[in-house]
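Colleague: Below is a structure I'd like to ask you about.
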Amino acid sequence: MAFCRCRSVFAIVLAISQLNKGWASPEQSQKQRGVDINGNCEPIMQDGKEVPQKMTYRIDGKRSYGKRGKGSFPVQKKACEIEDGSMSPSLVPGQPMDCADIQARGANVSSGVYAIYPGKHTNVYCDMETDGGNWTVFQRRTDGSENFNRNWSDYKTGFGSISSEHWLGNDIIHQLSNQRNYELRVDLEGFKGNTLYANYDTFRIDNETLGYLLTVSGYSGNTGDTLWYHNGRTFLTPDMNSQCARDYRVGWWYGPAGHCFTAASFDINCKPLNQPGGISWISVVTHRLKKSEMKLRPVPDYPINSNN
């Protein structure tokens, strides 16, 4: 009997050690976009009717479970696709899904506020200039006028002025980042006019049920890779049981208490910019910043809708 208990304890310890090494259990492999907590496809409604979907399985080459080597197995991640094979289409036929769709309509489209339809009517700020444009902005700090010390509900639905400081809302960011494959760009500006940027080839967040879990990878730029530590983290806000969110007084994909960030991490939603400890990006050198902007656009392998 004692031997059985020891084997059970050993199995638990082994499972925890595997998770700490970035491995995943078969149950964890179900965490994939478009899949609810019960492992079923989240319903997509169009014109009052549910859109037919099918469940598919994709191999995650970076994660596995079991023993290393011959005894390990790759994680199979569930994904939901509509019957024609395209992921999460705009629920308003003929309408733009993101700013890339809008820019595809004409070369002279300027940056500004536009309406898009990633599941519902949403006003967003489109950056049509930076690195070729096509960017849908979901975070912006410019003058410290907006309070980012908000609760879960505010970060879920969004707050601020779309043409100025704002957080677009985690529900919309989830919808946006899962309808195509997207890249992320972060633009930063210091008080002396110095500019920095970071690009990530892959960016998306899961739904609320999965805590808006962050997936981000493929860094390039001149800031240093400051998001690697937050990859795979769930979103936390000051009204939750999170010491990090309470200490920094903003919502973010924090690490555990005492390890909110690493030496190469950043706090882009932090205190008003005119206060000590305002937003900063820490890589090799610490930069105090007055402006920040986070935005996404489809990666080149996804066609842009130019027929609207």
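The values are calculated or read from the model by the stated rules, or taken from the named source; none is laboratory data. Model, not experiment: these values are computed from the prediction. Neighbour counts run over all protein chains shown; Cβ positions are idealised from the backbone, glycine included. What goes into the accessible areas is simple: the full protein's heavy atoms, side chains included, and nothing from ligands, DNA or RNA. Shrake-Rupley method; radii C 1.70, N 1.55, O 1.52, S 1.80 Å.
Colleague: Keeping all protein chains in place and using 1.4 angstrom, which order do Tyr229, Tyr254 fall into by accessible surface area, from largest down?
Modeller: On the way: Tyr229 35, Tyr254 5 Å².
Ranked list, largest accessible area first: Tyr229, Tyr254.
Colleague: Not counting ligands, DNA or RNA, and with a 1.4 Å probe, what is Ser161's accessible surface area in Å² rounded to the nearest 10?
Modeller: Number for this one is 50 Å².
Colleague: Three principal axis extents, largest first, for the C-alpha atoms of the range 140-243, in Å?
Modeller: Its Cα atoms span 38, 32, 29 Å along the three principal axes.
Colleague: Right, another one. Can you pull the accessible area of Arg246 for me, 1.4 Å probe, Å² to the nearest 10?
Modeller: Here the residue's solvent-accessible area equals roughly 100 Å².
Colleague: Starting from 0.36 nm per residue, how many nanometres of slack lie between Ser217 and Thr202 once their C-alpha separation is accounted for?
Modeller: On the way: separation 15, 0.36 × 15 = 5.40 nm, distance 0.53 nm.
Full-extension gain reported as 4.9 nm.
Colleague: Oh, and also: Please work out how much length the chain gains when fully extended from Asn194 to Thr209, using 0.36 nm per residue of separation minus the C-alpha to C-alpha distance, in nm with one decimal. Walk me through the intermediate numbers first.
Modeller: On the way: separation 15, 0.36 × 15 = 5.40 nm, distance 3.93 nm.
This chain segment gains 1.5 nm when fully extended.
Colleague: If I model a spin label at Lys54 and Gln95 as a point 7 Å from the Cα along the Cα→Cβ vector, what separation in nanometres do I get?
Modeller: For Lys54 paired with Gln95, the spin-label model returns 2.8 nm.
Colleague: Under the rule of at least 5 residues apart or a separate chain, name every residue whose amide H is placed under 5 Å from the amide H of Tyr254.
Modeller: Correct list: Leu236.
Colleague: Let me ask something additional. So how do His121, His166, His174 rank on accessible area, 1.4 Å probe, biggest first, that is with the largest at the start?
Modeller: Values: His121 105, His166 0, His174 25 Å².
Greatest to least solvent exposure: His121, His174, His166.
Colleague: Given the protein chains as shown and a 1.4 Å probe, how many square angstrom of Glu189 are accessible, to the nearest 10?
Modeller: 50 Å²
Colleague: Could you order Trp167, Trp228, Trp152 by accessible surface area, starting with the largest, using a probe radius of 1.4 Å? It would help to have the intermediate numbers written out before the result.
Modeller: Numbers: Trp167 0, Trp228 140, Trp152 50 Å².
From most exposed to least exposed: Trp228, Trp152, Trp167.
Colleague: Run the simple label-point estimate for Asp247 and Asn231 please: 7 Å along Cα→C-beta, distance reported in nm.
Modeller: The modelled label-to-label distance comes out at 2.4 nm.
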